[in-house]
């Protein structure tokens, strides 16, 4: 069902779009049938135009990336130090702004500052990640036990 407040803009759009179509229909009606272009030629022309436009967009993006325009946003004021998920869609994140850390609670539809603290140095941990060499050694040992070696 069409909403009444949408009916007027839709009719205006139809009139604006219909005028050029009417002019095109009149122009094609006056041309002889032998001069009508083939639909395969029109399709090829549209596809080539699409390829050219997409290539221009990709080329422009590549040039901007090479010039460093995209990297201009890398010098942001805020930096995420760390975060942890506390629910299905809730997180607690530590954000560094200048020389201050802000603990932020993030939930669907809301972002709340929970606490602020001065910037701290992050101690480099030398713990082995859970999926690191220990797992590889365990897997190798398990395979050797299974094979009877």
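Where a number appears in this text, it was derived from the coordinates with a stated rule and is not lab data. These numbers come from a predicted model, not from an experiment. As a convention, Cβ positions derive from the backbone with ideal geometry for all residues, glycine included, and neighbour counts pool all protein chains shown.
Below are the figures for this structure:
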quantity	calculated
Cβ-Cβ FRET estimate between residue 40 and residue 61, R0 fixed at 30 Å, reported to 0.05	0.40
Nearest-0.05 FRET efficiency for residue 76 and residue 47, computed from C-beta distance (R0 41 Å)	0.50
The range 76-118: translational diffusion in µm²/s, Stokes-Einstein, Kirkwood Rh over Cα pairs, 20 °C, 1.002 mPa s	203
